[in-house]
Amino acid sequence: MNRAEFRSLIQNKPLILDGATGTWLQEHGLTPGCCPTTWLLENPEPLVELQTSYYANGADIVLAFSFGANRFKLDSQTLAAASVAAVNQQVAAISLAVRDACMASSGKNLFIAGDLAPTGEFLYPAGDLQFEELVKVYGEQVDGLLAAGVDLFIVETMIDLAQTRAAVLAVRDRCDLPVIASLTLGENGRTLSGDLPLAALLSLQAAGADAFGFNCSFGPDKLAEILLPLLAESNLPLLLKPNAGLPALINGKTVFPLSAQAFAIAMRPAAAAGVRLLGGCCGSGPEHIRKLSEMVSSFSPPAFEPLAPDTRICSSRSVIDLTDLGQLTVLEVRNPTDLVDELLAVAEDEPEGILLDFRSLETSDYEQILMAVAELSMSVTQPLAFAGPDDLIQRILRQYPGRAAIYGQPAPSLLDPLVL
């Protein structure tokens, strides 16, 4: 399924995703401290049973259990026996066999999504990991999942916009399959890194995501409360994959309170409003998906209308509608050595946005500039615009965790900056 086919499919009806997987595997032998991927490869039967049930109960899209199958999360024993790509191929093959069997018995079109998730590492300057290295880390998974034959990708449970962009770009660099980007939010309605939902939407839309939304975090009511206002802001179909309510500890066991029927009822407003991708996260099982699928079958979703050309730019924490170059304060950069201090000084005057002009740059040491931009992305809330050599601008566009504006005529790119 390519991106155009995904868009056409989702125009006609909402698609149902699966529910939780980890708790089921724990109930069937996965023990704390064990590498889940290694355990799965040795014990595939519980996953086969669960995913078969999800399809039987109305799921259109089931996630391959590649959530933690990256080089940072896999154990040394597994990595000694096979490459990251090979492990992901083996993991996805389990789910693809389930898909094929269920398609043969049901006659329905069913799909497997390759699953990319947090690595547990932090990008510079919060950690030591450089952006393009993280793209490679996710790329190892993408290579294996593509070799297996997944239908699309989902980047899920993400707590940081920059890392989400790295995963999306790892997919976009390698294929034309759809990629869904899904964040998890805290009580303040932002990611753990402080990313604003609207900014994340605009940034990931520009990076090449095909759908955007939220998973985990809260129950349906609260998560929908944050998601639904984005329907008027988005050129992408939206995803809602909440928990089955807020967890409670009862007799030493974590319990999610929403029954399957209550979960489906709570998801109804999102379906009626036009959210096109619906599923469950923690505490949801096949019965939740069955009730959700039955509820959705009664809806004719509103037409999906693309928005007018978008003049908004954003950092990860603020958004402006840029209609005039005068909204930007210009900082000419000749030597990047003092770039961080100079931009922080400009930001203190609280301009709407800042244009970094590298056209008179006296160095070709782009690495220093890229590291400075990474630092500034965490410390400066204003959206940034850029002018300068095209090879530099293209590299900045990849790692900047927002939607940037570009002054000049950059070379064609998969990315979607606002061109001034």
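Residues in the range 377-401 that are closer than 20 Å to residue 135 by Cβ and not charged (D, E, K, R): 377, 378, 386, 392, 393, 394, 396, 397, 399, 400, 401. I'd like the residue in the range 295-327 that is under 25 Å from residue 272 (Cβ atoms) and modelled with pLDDT of 85 or more and, out of all such residues, is surrounded by the fewest Cβ atoms within 10 Å (Cβ to Cβ). Here the residue is 297. Restricting attention to the range 299-332, the residues that are in contact with a helix residue (DSSP H, G or I) (Cβ under 6 Å, 6 or more places away or on another chain) and either under 17 Å from residue 373 (Cβ atoms) or among the polar types (S, T, N, Q) (or both) total 4. In the condition set (1) within 19 Å of residue 141 (Cα to Cα); (2) within 12 Å of the chain's Cα centre (by Cα); (3) not β-branched (Val, Ile, Thr), residue 215 is compliant with all but (1).
Taking the condition more than 13 Å from the chain's Cα centre (by Cα), crowded, with 16+ Cβ neighbours inside 10 Å and under 16 Å from residue 279 (Cβ atoms), does residue 245 pass? It would help to see each step written out before you state the result.
On the way: more than 13 Å from the chain's Cα centre (by Cα): yes; crowded, with 16+ Cβ neighbours inside 10 Å: yes; under 16 Å from residue 279 (Cβ atoms): yes.
Yes: the conditions hold for residue 245.
Among the residues of the range 222-241, some residue qualifies, meaning at least one is within 26 Å of residue 207 (Cα to Cα), surrounded by fewer than 16 Cβ atoms within 10 Å (Cβ to Cβ) and of a type in the set (Gly, Ala, Ser). Look at the range 53-82 and say how many of its residues are in contact (Cβ under 8 Å) with a residue 60 or more places away in the chain and not in a helix (DSSP H, G or I). Looking only at that region, the number is 12.
Listed by position, the strands (runs of 3 or more DSSP E) inside the range 305-420 whose residues that are free of Cβ contacts under 8 Å to residues at least 40 places away in the same chain number at least 1 are 319-321, 328-332, 353-357, 384-387.
Can you go through 49, 140 and tell me which one is in the same structural domain as residue 277 (by TED's automatic domain parsing) and in contact (Cβ under 8 Å) with a residue 24 or more places away in the chain? Full working, then the answer.
Working: 49 fails: in contact (Cβ under 8 Å) with a residue 24 or more places away in the chain.
None of the others qualify; the one that does is 140.
Candidates in the range 99-124 are the residues that are over 24 Å from residue 54 (Cα atoms) and of a type in the set (Phe, Trp, Tyr); of these, the one that is surrounded by the fewest Cβ atoms within 10 Å (Cβ to Cβ) is 122. Among the candidates 231, 278, the residue that is touching a strand residue (DSSP E or B) at 6+ places or on another chain (Cβ under 7 Å), within 23 Å of residue 290 (Cα to Cα) and of a type in the set (A, V, I, L, M, F, W, C) is uniquely 278.
Could you tell me whether the range 274-284 includes any residue that is assigned to a helix (DSSP H, G or I) and either crowded, with 21+ Cβ neighbours inside 10 Å or touching a residue at least 12 places away in the same chain (Cβ under 8 Å) (or both)? Please lay out each step first, then the result.
Looking only at the range 274-284, we keep the residues that are assigned to a helix (DSSP H, G or I), and these are none.
Within the range 274-284, not a single residue is assigned to a helix (DSSP H, G or I) and either crowded, with 21+ Cβ neighbours inside 10 Å or touching a residue at least 12 places away in the same chain (Cβ under 8 Å) (or both).
Among the residues of the range 6-33, which ones are within 23 Å of the chain's Cα centre (by Cα), assigned to a loop (DSSP other than H, G, I, E, B) and not polar (S, T, N, Q)? Once the filter is applied, which keeps residues that are within 23 Å of the chain's Cα centre (by Cα), assigned to a loop (DSSP other than H, G, I, E, B) and not polar (S, T, N, Q), the range 6-33 yields 13, 14, 18, 19, 20. Looking across the range 151-170 at every residue that is more than 10 Å from the chain's Cα centre (by Cα) and either within 20 Å of residue 241 (Cα to Cα) or assigned by TED's automatic domain parsing to the domain that holds residue 397 (or both), the one that is surrounded by the most Cβ atoms within 10 Å (Cβ to Cβ) is identified as 152. In summary, strands (runs of 3 or more DSSP E) completely within the range 149-268 and bearing 3 or more residues that are without any contact (Cβ under 8 Å) to a residue 40 or more places away in the chain occur at 179-183, 238-242, 248-250, 253-255.
The values are calculated or read from the model by the stated rules, or taken from the named source; none is laboratory data. Note that the structure is predicted; figures quoted are calculated from it, not measured. Here Cβ is always computed from backbone atoms with ideal geometry, including for glycine, and neighbour counts include all displayed protein chains.
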